[in-house]
Amino acid sequence: MPLPAPISASALDLKGLIRPGDTVVIGQGTGEPTALTEALAAQAGDIGPVRVFLGALFSRTFAPDAAPNLSFTGYGGIQQAGALARAGRLDPVTTHYSQLPGLFDNDFQRADVVMMQLSPGPDGRAPSLGMISDYLAAAARKARVVIAQLNGLAPWTFGAELPADVRIDVCVRDDREPVILAPAKVGPTEEAIAAHVAGLVPDGAVIEIGIGAMPDAILSALKGHRDLGFHSGMISDRTVDLIEAGVITNALKPCDTGTSIAGCLFGGRRLFDFAHDNPALQMRTPDYTHGFAALARLPKFTALNSAVEVDLTGQVNAEVVGGAYVGAIGGQVDFVRGAMAAPGGRSIIALPATAKGGAVSRIVPALSGPVTTARGDADTFVTEFGVAELRGQSLAERARRMIAIAHPDLRDGLTRAAQPLLQG
């Protein structure tokens, strides 16, 4: 379906498109259509109460103390969404990432208006969602109004072509540099953990990564590996380093051979330029990037994730710190279970042993927040002090192994707290 004639951002009057009480679903992360979201924040006072569904939020479009007519929901408190959660303005939808499109498909989540960013199609091809291939198209199929920002500076990507059954009602032409996710600062602790993790990843493994300093450090530590494959919910600038160095070749994958699979471009201009019109990178929706059937058939699929805290039996909290929602269930459980089912697969949870300058252990007798990943899914945990293999181990042995990778100054306290387990 052809796009409507584009208008300028200054001509966009949202009051005639958005009704009070509507839910507006916006493109997440680098796929945020900032010409549209900035207009929403500016015009919210004229529209009335509006609910915004967002995912990872890298921009500062929605400040915690601005646009009081807007309320927020979404699948987590990732990056700037965490600031909204801490301000009491974000009510999270706790769901596995793989289930998000189905929530819209089956009307468990409303989508009255959708705002998306599109990249113009080169050589007459259909426009592309470019940065993201997630739940946005599913939401758009249900929406009363779909508004698109056509951005010539956004990369056009294979697999994220605008589906033929998604109707665009309003098109705004605004070429601006997309939102970026700047590389996280990697320190000695992350480097030490990454060195342990790299020793667990075999040549030929298919890897999955997340956001932040830890995955960036792990990717850097894999530079000596050979013939890695890539199948993940996101791809970053550091991933491009490994592809261009010939470390990630995807040569041994039994499906998508020679091709990296991702759902979101979470990085900067280096990543965007690499992804543009590049058939060696395919953007796929969560049913494939996070789908159990797809993951379970990838030999040596290795899920690389992190956590806020873990307990002595292998339960993981990846969502809440100090009562504030700052993370997400996201794709962690999808990837953990996919890795455990894959031939030779492995799930690795990597995290620093302490927080608050070493004063607080992140290996704890009992979680202070929700159980994101259950102990029945526990496999391998890594801190700067070593590796704990929990798969197939008793509760007492799990406690002993987790204490062994805690900070040495905090092990005695953990041992005392673990006595009911250790005596079991």
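Each value in this text was obtained by applying a stated rule to the coordinates, not by laboratory testing. Bear in mind the structure is a predicted one, so any value in this text is a computation, not a measurement. When we count neighbours, we look across all protein chains shown, and the Cβ atoms used for this are built from the backbone with ideal geometry, even at glycine.
When only residues in region 131-172 that are over 16 Å from Ala262 (Cα atoms) and of a type in the set (S, T, N, Q) count, which is surrounded by the fewest Cβ atoms within 10 Å (Cβ to Cβ)?
Among those residues, the one meeting the criterion is Asn151.
Give me a count of the residues in region 15-43 that are in contact (Cβ under 8 Å) with a residue 40 or more places away in the chain, closer than 15 Å to Leu70 by Cβ and part of a helix (DSSP H, G or I).
Qualifying residue count for the region: 3.
What are the residues in region 348-367 that are assigned to a loop (DSSP other than H, G, I, E, B) and under 21 Å from Gly210 (Cβ atoms), if any?
Leu351, Pro352, Ala353, Arg362, Leu367
Can Arg60 be described as assigned to a strand (DSSP E or B) and more than 23 Å from Pro6 (Cα to Cα)?
no
Taking the options Ala35, Ala56, Ala63, Ala41, name whichever one is under 18 Å from the mean Cα position of the chain (by Cα) and closer than 29 Å to Leu271 by Cα. So that I can check it myself, show each step before the final result.
Working: Ala35 fails: under 18 Å from the mean Cα position of the chain (by Cα); Ala63 fails: under 18 Å from the mean Cα position of the chain (by Cα); Ala41 fails: under 18 Å from the mean Cα position of the chain (by Cα).
None of the other options fit; the residue is Ala56.
Is it true that Leu265 is touching a residue at least 12 places away in the same chain (Cβ under 8 Å) and surrounded by 21 or more Cβ atoms within 10 Å (Cβ to Cβ)?
On the way: touching a residue at least 12 places away in the same chain (Cβ under 8 Å): yes; surrounded by 21 or more Cβ atoms within 10 Å (Cβ to Cβ): yes.
Here the answer is yes, as Leu265 does meet what is asked.
Among the residues of region 213-243, write down those that are surrounded by fewer than 24 Cβ atoms within 10 Å (Cβ to Cβ) and of a type in the set (Ser, Thr, Tyr).
The answer is Ser220, and nothing else.
Do you know which of the residues in region 397-424 that are outside any helix (DSSP H, G or I) and without any contact (Cβ under 8 Å) to a residue 40 or more places away in the chain is surrounded by the fewest Cβ atoms within 10 Å (Cβ to Cβ)?
So in region 397-424, the residues outside any helix (DSSP H, G or I) come out as 405-407, 418, 423-424.
So of that shortlist, the ones also without any contact (Cβ under 8 Å) to a residue 40 or more places away in the chain come out as 423-424.
Details: Gln423: 7, Gly424: 10.
Once the filter is applied, the top-ranked residue is Gln423.
Within region 246-260, is even one residue within 26 Å of Phe58 (Cβ to Cβ) and within 18 Å of the chain's Cα centre (by Cα)?
So far as region 246-260 goes, yes, one or more of its residues are within 26 Å of Phe58 (Cβ to Cβ) and within 18 Å of the chain's Cα centre (by Cα).
Report, by residue number, each residue of region 42-79 that is closer than 27 Å to Leu153 by Cβ and surrounded by fewer than 17 Cβ atoms within 10 Å (Cβ to Cβ).
Residues satisfying the conditions are Ala42, Ser59, Arg60, Ala63, Ala66.
For region 8-40, enumerate the residues that are among the hydrophobic types (A, V, I, L, M, F, W, C) and within 21 Å of Leu153 (Cβ to Cβ). Spell out the reasoning first.
Let us first name the residues in region 8-40 that are among the hydrophobic types (A, V, I, L, M, F, W, C), namely 9, 11-12, 14, 17-18, 24-26, 35-36, 39-40.
Correct list: Ala9, Ala11, Leu12, Ile26, Ala35, Leu36, Ala39, Leu40.
When you scan region 83-98, how many residues do you find that are in a helix (DSSP H, G or I), crowded, with 20+ Cβ neighbours inside 10 Å and touching a residue at least 40 places away in the same chain (Cβ under 8 Å)? Before the answer, list the steps.
Keep residues of region 83-98 that are in a helix (DSSP H, G or I), which gives 83-86, 97-98.
From the residues that got through so far, the ones that are crowded, with 20+ Cβ neighbours inside 10 Å too are 84-85, 97-98.
With the extra rule that they be touching a residue at least 40 places away in the same chain (Cβ under 8 Å), the set shrinks to 85, 97-98.
The total comes to 3.
Do we have Val382 as buried (at least 19 other Cβ atoms within 10 Å of the Cβ), part of a strand (DSSP E or B) and of a type in the set (A, V, I, L, M, F, W, C) here?
On the way: buried (at least 19 other Cβ atoms within 10 Å of the Cβ): yes; part of a strand (DSSP E or B): yes; of a type in the set (A, V, I, L, M, F, W, C): yes.
Yes; evaluated as a whole, the condition is true for this residue.
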